[in-house]
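Here is the structure we will look at.
Where a number appears in this text, it was derived from the coordinates with a stated rule and is not lab data. Predicted, not measured: the structure shown is a model, and the values here were computed from it. In this analysis, Cβ positions are derived from the backbone assuming ideal geometry, glycine residues included, and neighbour counts consider all displayed protein chains.
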Amino acid sequence: MSKLLNKELQDQIREFLNMMKDKVTFVYFKSDKNCDTCEQTKMLLEEIADLSEKISFIEKDLNKDTEEAKKYGITLAPSFVILDNEGKYKGVKFNGIPAGHEINSFLSAVIDMSGVEFGFDKDLVERIKKIKKPVNIKVFVTLSCPHCPGAVSNAHRLAMLNDNIESEMIEAQTFQELSVKYKVSGVPKIIINEKHELVGNQPIEEYLNKLERL
Amino acid sequence: MFTFNMEKPKASSLFDEVILWDMIVIGGGPAGLNGALYAKRKGLMVGIVTLEIGGQLHNTSTVDNYLGFKNIEGKDLSDEFFEHIKTLEVPILTGIRTQEIKKNNDIFEVKLSDGKTLNTKTILLATGGAPRKLNVPGEVEFSNKGVSYCTTCDAPFFKDKHVIVAGGGNSAAEAVLDLVPWASKITVVHRSVWRADTILLEKLKAVDKLDIHLNSQILEIFGDDLMKGIKYLDKSENIEKILEADGLFIEIGTIPNSYLLKDLVELNERDEVIVDEFQMTSEKGIFAAGDVTNQEEKQIIISAAEGAKAALAITKYLNKFYKGE
Ligand SMILES: Cc1cc2nc3c(=O)[nH]c(=O)nc-3n(C[C@H](O)[C@H](O)[C@H](O)COP(=O)(O)OP(=O)(O)OC[C@H]3O[C@@H](n4cnc5c(N)ncnc54)[C@H](O)[C@@H]3O)c2cc1C
């Protein structure tokens, strides 16, 4: 089977991944039932993992490895989480293949998780760390949406900076039932703790304003 | 098969190293990218700061009026532009919003959303435009609950549904064409007459699931959880009418992203940055190009050309004020 990433993209991504500081691990969950994009998601993750010595790839089965699935709160397939250098889950999850524009939020998450500084203001980091309530952020995207990766990256960075925060990208067309459930008819659509909504690619300050008022 | 739209350039640490830039370009659409290209070729120390590469090209499906590229997808044209810029190794920060521009003696301080501040001798503002709003009741409430401003992003959510397109220019006509593969029915509602290119209007004639209401002004968007329809004024009969629909794409032009300069330079009554024939604003050292300026025609090739003009004018300006030529 031919690769998803052509030579040129591989070179570009390899060079980008040179920025990584420490190691990260992808833990990917497949399912044998009704999963049209599982195979390709796995391919993408493996191809990317091959481009850097600092990335390891682990495959799990949503229906068999229930313990692990529970540990990372995985209920869908294809889904994956990115763990840090110490194998710790920091609340960074992707549901659906991060192709199209979403390759950008995926690669950003890899670099960020490897310990590269985000360059955030000190005050901003302080505010993020102060969030005490458990927070779940869902960011619905489509792969043709150029404004979506920014929204996903912001949410993931919040999660990386605070253990109370978990953030997940959800590809709206792969998970149509969820899109219907959360009434998604435009992306990016951000759902915080199941009931609060933000529309569009919001700067990190807007997220914070919302989180601080939860 | 999946495609990939890489925006991540080689990480540039130059943004931490350069103390004083010749030129900072704000915005990575056609105007900003071409401005940076020309400036780099002139040997300026130039960098780009932008939220996204390609700007409004990503809201466009097919572009058929950029010389040399027949019928190209907006995102492919953006990729072509970006590839070209990359060969020149222009340092770029993406995913970063410029928050504020301050003047400090003859130097401009550009404050970024990641907390950094860049110092530069000149600025090229190429921040383009954001979708213009209808400003009717229900628009905010149903935003992303039926109301959308980006067909390439959101068309798939309207599979087998009835959608309305508001507007009568090229982008409205293109929005209709973007929706054809998805929607079961499309209705254009526009307050006056068509302004779109003849060639696009010809294409619309072939769309049999299309209804067109001209001279019709949208008054209100209604619904409960999701939008359910609109109320509009049929101006030829002077009657208010109801039109039920699942979605509304608003394609009525753009508002200029000129907020960064509002206290620094002169804007016109439409909030566009007023520029002279060299793309210079009323403030020495600040130049602007593309959709953000008071230039009438908002087009890719025109924006790109303005970026080039600005970069060349900036080169001359720098030579004059900093090298005494
Ligand atoms: C639906 C649609 C269809 C169109 N079709 C065509 C067509 O077929 N042919 C044609 O010629 N033209 C078309 N246009 C118009 C064309 O897209 C614009 O004229 C052109 O993109 C303007 O280029 P620009 O560089 O001035 O601005 P933009 O393309 O708007 O780019 C501005 C950039 O600045 C960034 N930015 C804004 N604010 C900030 C900030 N504070 N900090 C950092 N970055 C910022 C944005 O993220 C963006 O990347 C269409 C437009 C639309 C909406």
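General observations
- Restricting the calculation to Cα atoms, chain B shows an Rg/Rh of 1.02 when the hydrodynamic-style radius is the Kirkwood one.
- Taking amide H as placed 1.01 Å from N in the peptide plane, B:Gly129 has its amide H under 5 Å from the amide H of B:Asn257, each at least 5 places away in sequence or on another chain.
- Bridge type composition, the protein assembly as shown - antiparallel percent by DSSP, nearest 5: 50
- Working value for region A:122-211: equivalent-ellipsoid semi-axes of 23, 13, 10 Å, each the square root of 5 times a Cα gyration tensor eigenvalue, largest first.
- Principal-axis tilt of helix B:300-322 within chain B, Cα atoms, nearest 10 degrees: 20
- Sorted largest first, the principal axis extents computed over the alpha-carbon atoms of region B:147-250 equal 32, 31, 21 Å.
- With a Förster radius of 22 Å applied to the C-beta separation of A:Gln40 and A:Thr75, the computed FRET efficiency comes to 0.60.
- Using 0.36 nm per residue and subtracting the Cα-Cα separation, the extra length available between B:Ile301 and B:Glu100 on full extension is 69.5 nm.
- Cα-projected label distance for B:Ser184 with B:Phe321, points at 7 Å along beta-carbon direction, nm: 6.1
- Additional length obtainable on full extension of the chain from B:Thr62 to B:Thr117, 0.36 nm per residue less Cα span: 16.1 nm
- Residues in region B:96-107 carry Karplus couplings, in order, of 10, 9, 7, 8, 7, 10, 10, 9, 9, 6, 9, 10 Hz; the curve used is 6.51 cos²θ - 1.76 cosθ + 1.60 with θ = phi - 60°, and Gly or Pro positions show x.
- Pair A:Lys88, A:Glu126: separation of 7 Å Cα→Cβ label points (nm): 2.3
- GluC sites (Glu not before Pro) lying in DSSP loop within region B:239-319, provided at most 11 other Cβ fall within 10 Å: B:Glu269, B:Glu277, B:Glu296, B:Glu297
- Among the trypsin sites (Lys or Arg not before Pro) found in region A:1-41, those both in a DSSP coil and sparsely packed, with 15 or fewer other Cβ atoms within 10 Å of their Cβ, are A:Lys3, A:Lys21, A:Lys33.
- Using alpha-carbon coordinates, inclination of helix B:170-179 to the longest axis of chain B, degrees: 60
- Entries of B:Lys40/B:Lys316; A:Lys138/B:Lys133; A:Lys189/B:Lys209; A:Lys129/A:Lys183; B:Lys40/B:Lys284 with Cα pairs more than 23 Å apart: A:Lys138/B:Lys133; A:Lys189/B:Lys209; A:Lys129/A:Lys183
- Estimated FRET transfer efficiency (A:Glu117, A:Asp163; beta-carbon r; R0 22 Å; 0.05): 0.75
- What the phi angles of region A:42-49 give under the Karplus curve with 6.51, -1.76 and 1.60, with θ = phi - 60°, is a coupling list of 4, 4, 4, 5, 5, 5, 5, 4 Hz, glycine and proline written as x.
- Cα gyration tensor of region A:7-113 - equivalent ellipsoid semi-axes, whole Å, descending: 22, 16, 11
- The helix-only estimate of mean residue ellipticity at 222 nm for chain B, built from DSSP H runs of length n ≥ 4 each weighted as -39500 (n - 2.57), is -7000 deg cm²/dmol after division by the residue total.
- Helical runs assigned H by DSSP (4 residues or longer) give chain A a calculated mean residue ellipticity at 222 nm of -10500 deg cm²/dmol, each run adding -39500 (n - 2.57) before division by the residue total.
- With q set to 0.11, 0.14 Å⁻¹, the log10 of I(q)/I(0) for region B:2-154, from the Debye formula over equal scatterers at the Cα positions, is -0.50, -0.77.
- Chain B: angle of helix B:30-41 to the longest principal axis, Cα-based, in degrees nearest 10: 20
- Considering every alpha-carbon pair of chain A, the percent of pairs per 5 Å bin, from zero through the bin containing the longest distance, is 1, 7, 16, 20, 22, 17, 11, 5, 1, 0, 0.
- Between B:Asp208 and B:Ile242, residue separation times 0.36 nm minus the direct Cα-Cα distance comes to 10.1 nm.
- Scattering from the protein assembly as shown was approximated by placing one identical point on each alpha carbon and applying the Debye formula without solvent; log10 I(q)/I(0) at 0.11, 0.12 1/Å stands at -1.04, -1.22.
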